[in-house]
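In what follows, a structure is listed as structure tokens, so that the remarks can point back to it.
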Amino acid sequence: MEINIVFELEKDKKLHEYLKNHSYWYRFLNRDSEALRDLLKEYKNYKRENNLNKVNDMVENIEMVSSIMKVME
């Protein structure tokens, strides 16, 4: 893997953690330095989906609490 890719990955700790959890990217990064762009694209999609899931979970929890409050009245 090229040294500039390593430095780029070490700048962002969350990206580095994502790479540890999705280790198949190491193979792509070792073979082609252009794969970093694809990794960043996939990582941004992952973050977006993760944030949407958190918001959806919070909305579901609020709805559940609201329905419990209605039942208790």
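In region 38-48, the condition of being open to solvent by 80 Å² or more (accessible area, probe 1.4 Å) and either within 18 Å of Glu2 (Cα to Cα) or among the β-branched types (Val, Ile, Thr) (or both) is met by no residue. A count restricted to region 51-70 and to residues that are under 19 Å from His22 (Cβ atoms) and surrounded by fewer than 10 Cβ atoms within 10 Å (Cβ to Cβ) stands at 0.
Report, by residue number, each residue of region 10-33 that is open to solvent by 100 Å² or more (accessible area, probe 1.4 Å), among the acidic types (Asp, Glu) and over 12 Å from the mean Cα position of the chain (by Cα). Residue satisfying the conditions is Glu10 alone.
Set side by side, the residues Lys14, Lys44, Lys20 differ, and just one is of a type in the set (D, E, K, R) and modelled with pLDDT of 95 or more, which is Lys44.
The values are calculated or read from the model by the stated rules, or taken from the named source; none is laboratory data. What you see is a predicted model, and the numbers here were worked out from it, not measured in a lab. Positions of Cβ are backbone-derived with ideal geometry, glycine not excepted, and every protein chain shown enters the neighbour counts. Heads up: the accessible areas ignore ligands, DNA and RNA and are worked out on the full protein's heavy atoms, side chains in. Shrake-Rupley method; radii C 1.70, N 1.55, O 1.52, S 1.80 Å.
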